[in-house]
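**Student:** Just dropping this structure here.
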Amino acid sequence: MQAFAALIDGLIYTRSRDLKIRLIADYLRITPDPDRGWALAALAGTLNIATVKSAAIRAMAEERFDPMLFRMSRDYVGDTAETVALMWPDKSGGDAAPTVSEVIDLLNSTSRARAPAVLAELMDRLDANGRYALLKLATGGMRVGISARLAKTAFGQAFGVSVDDVEEVWHALRPPYTELFAWGEGRTERPDPADSAFFRPFMLAHPLEDGSVHLDEFVAEWKWDGIRIQIASTGGETRLFSRGGDEVTGSFPEIAAAFNGVGVVDGELLVRGDVQGGEAASFNALQQRLGRKNVTAAMQAEYPVFVRLYDILFDGAEDVRGQPWTARRDRLERFTANLNPARFDLSAVIAARDFEHLAEIRAAAREAAIEGVMLKRRDSLYLAGRKVGLWYKWKREPLVADCVMMYAQRGSGKRSSYYSDYTFGCWTEDGNLLPVGKAYSGFSDDELKWLDRFVRNNTVARFGPVREVEKSLVLEVAFDAVHESKRHKSGVAMRFPRISRLRRDKPAEEADTISALRAMFD
Amino acid sequence: MWIDPSRPVPRALVTHGHADHARSGHGAVWATPETLAIMALRYGTEMGTPVPYGEGFEHGGVKISFHPAGHVLGSAQILLEHAGERVVVTGDYKRRFDPTCTPFEPVACDVLITEATFGLPVFTHPPIEDEIAKLLAAREANVDGCIVVGAYALGKAQRVIAELRRAGYDAPIYIHGAMQKMCDLYAAHNVPLGELIMATGLAKSELKGAIVIAPPSAMNDRWAQRLPEPITAMASGWMRVRQRARQRNVELPLVISDHADWNELTDTLLELRPSETWITHGRTDALGRWCELHQLKARALDLIGREDEDEG
């Protein structure tokens, strides 16, 4: 556990990506199985210990520490696990520290009710850094600035294999990845999971900033505002995966049941607006279906889902990712023709004469489910990740509104000493401010410092970690869409709000009204 | 008469030489001889009455005496006695061994005015030997670069140097120009620091494998860019919290503090058991809460011109 704790701390304090990769690679090479596999899972975010949730950590803390002292400490540190690790009385000493696999085994074999006690015993055997690593390991979120991709890259570097090969089999394997290490060390062939339905990495797009492309080379499609989904089927088994490779079959059983093809396809999951036969509805409708482990028949009827197909990765057992987009498109059209049209259709290609014409079409599109335009090189192969020059996303211009800052809260992690999360409101007809959203991004570091000072100097009330401020600062807020919401008192909710400008020049009375926001409903 | 006044006053008692306690421009100053020497170095022709540890004088019927605080060279607690009542102002203090200054002496009192810089239970400073070992290990692992350690020019810098010597590191230690005079002052007060060399102006090749001590303000400016592949270390009690270290772009956090940590603060209160405690400088709320839980009478003493959090 000490070696893992040292790795975690090393990653926290190392800024360079190359050095981070080297730290992980060194650890993976010298650490024995299965410890290194569990560590790799923790870094890649695939480790899930069902018996420990962050509530267990809080419960453990509340049992031992004065709640007020704990809250003050938590507010200062900005991270529950670290607070508990630091406050915990140090009893460690000698060689009592558990190994990573001992930790995993103990936690996996206990019950949710017993887990806090097991965790506490482990805490007593570790020093402060070990305790921090233990709590991060147990709850999942490592927050060490490592993406799953970087962890796989480090694996590739440790053993001299290509990261694409790692990606290809990754999702068919489970922690602690002993087959992966056996292959990495040249002891076995690459694991071959061909007989199961598993996730293949998505091809992703870069934003088209201010450039343009030539439509002889690029094809244009709508970018649909649903959730990107991959359907993998061996014929016997059909599974659905979200963009990150999480399985979501259980949330959309009607899709899996209706899919009668063999292969792997890439598409956008959408909800049909006016039920069968209608067009795609806004993201808001789809939200009703997200994050549900099980869905009722009533849910399925009220929010019917379908998949708009973009691409094909496997046609039957044949891997077609090495073929150009045009060839894959032909295959996709033939493949889709055999699917149930109520559940699956093709994402249409936009017929535009040239780029200027496309810009006009994009500007005129007001359909709720359209997020923008996709541009794909006609000869692009289907390559994992974001490759330069092949696919671009060209989003619609965001909407903006002038809102007034109402409350502020301290951020987490790197921003834990700053008031960086802002709740803002718009005016009602009778001159009251009601909250319409919350944003914690879009400003520069200098602006953050300024905002933080503004909050501290203009606090009118405190509610725990939240400060209510003088209603004097206008924030220009950008957002992708706004829709009706029963959850908010104002009746509106924004999609992806972020601060686009500080309007220090603008008096708060001149900020926008809620009815102005309503006028922007899709 | 004021203690550590932040504005010029006719008569000031000064606990120690750090700039937020020892200001210039007072009419008359009483402080330990070491603190007066530090003030003279910083402010030029500062005059004052030296009061050695354990000694005192009377003013307006109050007996005033100075006692070691263990914070930096010359740092003192101030005891005020009047009509049988004893009030102690700790100034900044710590309870751990420090080769550069006289150790803290507990002084029995009725009212204790204590600092609380690290007055949160998350702050426990590890043994300094462990932190010095981390620093030496990082140097070993980076012989082609150098380690630049951010440390306050008064106190922390000399303590880190003296602890490196105690750990057996006898190579020259490189220092930022702003520290030279203070290091000389320490050496003149019988705190041996070994061979120190000014890092400013040296070629990169001469600094390979070196340990360089610099004030925190110099760490992120152009001065540091002239060093060969520097690893940024910082010696501070705040380094205990990971995100604090990250916010300052520190790669090698060294939890070394000249202030009492949470356990030292609370142990001192239990040892002295003053009938009343006033808390200042830092987390007054948390230490106040601890006092409440331990049936000790306490209140916060808010000082003018100090923010409620995060400074330092």
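**Student:** Check which residues have an amide H placed less than 5 Å from A:LEU473's amide H, if you skip close sequence neighbours.
**Tutor:** Placed amide hydrogens put A:MET405 under 5 Å from A:LEU473.
**Student:** Give a quick list of GluC sites (Glu not before Pro) in region A:411-492 that DSSP marks as loop, anything other than H, G, I, E or B, with at most 10 other Cβ atoms within 10 Å.
**Tutor:** Hits after loop and neighbour filter: A:GLU429.
**Student:** Cα axis of helix B:128-141 to longest principal axis of chain B: angle in degrees, 0 to 90, nearest 10?
**Tutor:** 10 degrees
**Student:** Say the dipole of chain A comes from +1 at the beta carbon of Lys and Arg and -1 at that of Asp and Glu; which of A:LEU433, A:PRO341, A:PRO193 then lies farthest toward its positive end?
**Tutor:** A:LEU433
**Student:** Just report the Cα centroid separation between region A:134-188 and region B:141-198, whole Å.
**Tutor:** Using only Cα atoms to place each centre, the spacing works out to 43 Å.
**Student:** Looking at this model, which pairs from A:LYS152/A:LYS376; B:LYS156/B:LYS204; A:LYS393/A:LYS486; A:LYS20/B:LYS208; A:LYS136/A:LYS438 are more than 29 angstrom apart at the alpha-carbon?
**Tutor:** A:LYS393/A:LYS486
**Student:** From a point 7 Å beyond the Cα of B:GLU276 in the direction of its Cβ, which residues of region B:96-123 have a backbone N at a distance under 15 Å?
**Tutor:** Taking a point 7 Å out along Cα→Cβ of B:GLU276, the residues of region B:96-123 whose backbone N falls under 15 Å are B:109-114.
**Student:** Summing +1 for each Lys or Arg and -1 for each Asp or Glu, what net charge is found among the other residues whose Cβ lies under 13 Å from the Cβ of A:THR178?
**Tutor:** Charge balance in the 13 Å sphere: -1.
**Student:** With +1 on each Lys and Arg Cβ and -1 on each Asp and Glu Cβ, and nothing else charged, work out how big the dipole of chain A is about its Cα centre, in Debye to the nearest 20.
**Tutor:** 920 debye
**Student:** I've got another one for you. When you look at the Cβ of every residue in B:246-255, what mean number of other chain Cβ atoms sits within 10 Å?
**Tutor:** 3
**Student:** Taking loop as defined by DSSP and a crowding limit of 14 other beta carbons within 10 Å, which trypsin sites (Lys or Arg not before Pro) in region A:291-391 fit?
**Tutor:** Those satisfying the criteria are A:ARG292, A:LYS293, A:ARG353, A:ARG366, A:ARG378.
**Student:** Rounded to the nearest 500, what is the 222 nm mean residue ellipticity of chain A from helices alone, with -39500 (n - 2.57) per DSSP H run of 4+ residues and division by all residues?
**Tutor:** It comes out at -10000 deg cm²/dmol, rounded to the nearest 500.
**Student:** To continue, here is another question. Tell me, A:GLU189, B:GLU105, B:GLU163 in order of fewest to most beta-carbon neighbours within 10 Å?
**Tutor:** A:GLU189, B:GLU105, B:GLU163
**Student:** Can you tell me the 0 to 90 degree angle between the C-alpha axis of helix B:33-43 and the longest principal axis of chain B, rounded to 10?
**Tutor:** That helix lies at roughly 60 degrees to the long axis.
**Student:** Go ahead and run the numbers for FRET between A:LEU399 and A:GLU254, Cβ-Cβ distance against an R0 of 30 Å, rounding to 0.05.
**Tutor:** The formula returns an efficiency of 0.35 here.
**Student:** I've got another one for you. With 10 angstrom as the radius, rank B:HIS82, B:HIS189, B:HIS281 by how many other C-beta atoms surround their C-beta, starting from the fewest.
**Tutor:** B:HIS82, B:HIS189, B:HIS281
**Student:** Can you tell me the dipole magnitude for region A:203-395 around its Cα centre, using point charges on the Cβ only (Lys, Arg +1; Asp, Glu -1), in Debye to the nearest 20?
**Tutor:** 360 debye
**Student:** With r as the distance between the Cβ atoms of A:PHE355 and B:ASP110 and R0 = 56 Å, compute the FRET efficiency 1/(1 + (r/R0)^6) and round to 0.05.
**Tutor:** 0.10
**Student:** Taking the number of other C-beta atoms within 10 Å as the exposure measure, put A:LYS20, A:LYS91 in order starting with the fewest.
**Tutor:** Ascending Cβ contact count within 10 Å gives the list A:LYS91, A:LYS20.
**Student:** Across peptide B:118-131, what mean number of C-beta atoms from other chains lies inside 10 Å of a residue's C-beta?
**Tutor:** That works out to 4 on average.
**Student:** Tell me which aspartates and glutamates have Cα within less than 13 Å of A:LYS506's Cα, excluding those fewer than 8 residues away on the same chain?
**Tutor:** Cα-Cα hits under 13 Å: A:ASP402, A:GLU476.
**Student:** Here is a further query. Calculate the spin-label point distance for A:ALA96 paired with A:ALA342, positioning each point 7 Å from the Cα along the beta-carbon direction, and give it in nanometres.
**Tutor:** Label at A:ALA342, label at A:ALA96, 6.4 nm between them.
**Student:** Additional query: For A:THR459, what is the net charge nearby, where nearby means another residue's Cβ is under 9 Å from its Cβ and Lys, Arg count +1, Asp, Glu -1?
**Tutor:** Value of the local net charge: +1.
**Student:** Could you work out the helix-only [θ] at 222 nm for chain B, with each DSSP H run of four or more residues adding -39,500 (n - 2.57) and the total divided by the number of residues, to the nearest 500 deg cm²/dmol?
**Tutor:** Result for chain B: -7000 deg cm²/dmol, rounded to the nearest 500.
**Student:** Label 7 Å along Cα→Cβ of B:ARG222; region B:174-199 residues with amide nitrogen under 16 Å?
**Tutor:** none
**Student:** For the residue pair A:THR188 and A:ARG174, what label-to-label distance in nm results when each label sits 7 Å from Cα along the Cα-to-beta-carbon direction?
**Tutor:** Using points 7 Å along Cα→Cβ, the separation is 1.4 nm.
**Student:** Which value in nm describes the separation of the simple spin-label points at A:ALA363 and A:ASP33, placed 7 Å from the Cα toward the beta carbon?
**Tutor:** With each label point 7 Å from Cα toward Cβ, the separation is 6.1 nm.
**Student:** Among DSSP bridges having both ends in chain B, what percentage is antiparallel? Round to the nearest 5.
**Tutor:** Once the DSSP bridges in chain B are tallied, antiparallel ones form about 30 percent.
**Student:** To continue, here is another question. Using R₀ = 22 Å, calculate the FRET efficiency as 1/(1 + (r/R₀)^6) where r is the Cβ-Cβ separation of A:ASP124 and A:ASP75; round to 0.05.
**Tutor:** 0.25
**Student:** With +1 assigned to the C-beta of every Lys and Arg and -1 to the C-beta of every Asp and Glu, and no other charges, what is the dipole magnitude of chain B about the Cα centre in debye, to the nearest 20?
**Tutor:** 560 debye
**Student:** Can you find, among B:ALA162, B:ILE213, B:VAL14, the residue sitting farthest towards the positive end of the charge dipole of chain B, where Lys and Arg contribute +1 and Asp and Glu -1 at Cβ?
**Tutor:** The residue sitting farthest along the positive end of the dipole is B:ILE213.
**Student:** Taking only the alpha carbons of the protein assembly as shown, what extent do you get along each of the three principal axes, in Å, biggest first?
**Tutor:** Extents along the principal axes: 100, 74, 57 Å.
**Student:** Quick check: Cα centre of region B:209-246 to Cα centre of region A:380-428, how many Å?
**Tutor:** So the two Cα centres are separated by 32 Å.
**Student:** Round to a whole angstrom and tell me the spacing of the C-alpha centers of region A:1-71 and region B:13-36.
**Tutor:** About 47 Å separates the Cα centre of region A:1-71 from the one of region B:13-36.
**Student:** Which one of A:SER500, A:VAL469, A:PHE479 has its Cα pushed farthest toward the positive end of the charge dipole of region A:440-522, where Lys and Arg give +1 and Asp and Glu give -1 at the Cβ?
**Tutor:** A:VAL469
**Student:** Starting from 0.36 nm per residue, how many nanometres of slack lie between A:PHE496 and A:MET299 once their C-alpha separation is accounted for?
**Tutor:** Fully extending the segment from A:PHE496 to A:MET299 adds 68.4 nm.
**Student:** Taking the radius of gyration and the Kirkwood hydrodynamic radius from Cα positions alone, what is the Rg/Rh ratio for region A:227-326, to two decimal places?
**Tutor:** That ratio is 0.98, to two decimals.
All of the numbers you see were taken from the coordinates with simple rules; none came from a lab. Keep in mind the model is a prediction, meaning the values are calculated, not measured. Note that each Cβ is placed from the backbone with ideal geometry, even for glycine, and that neighbours are counted across all protein chains shown.
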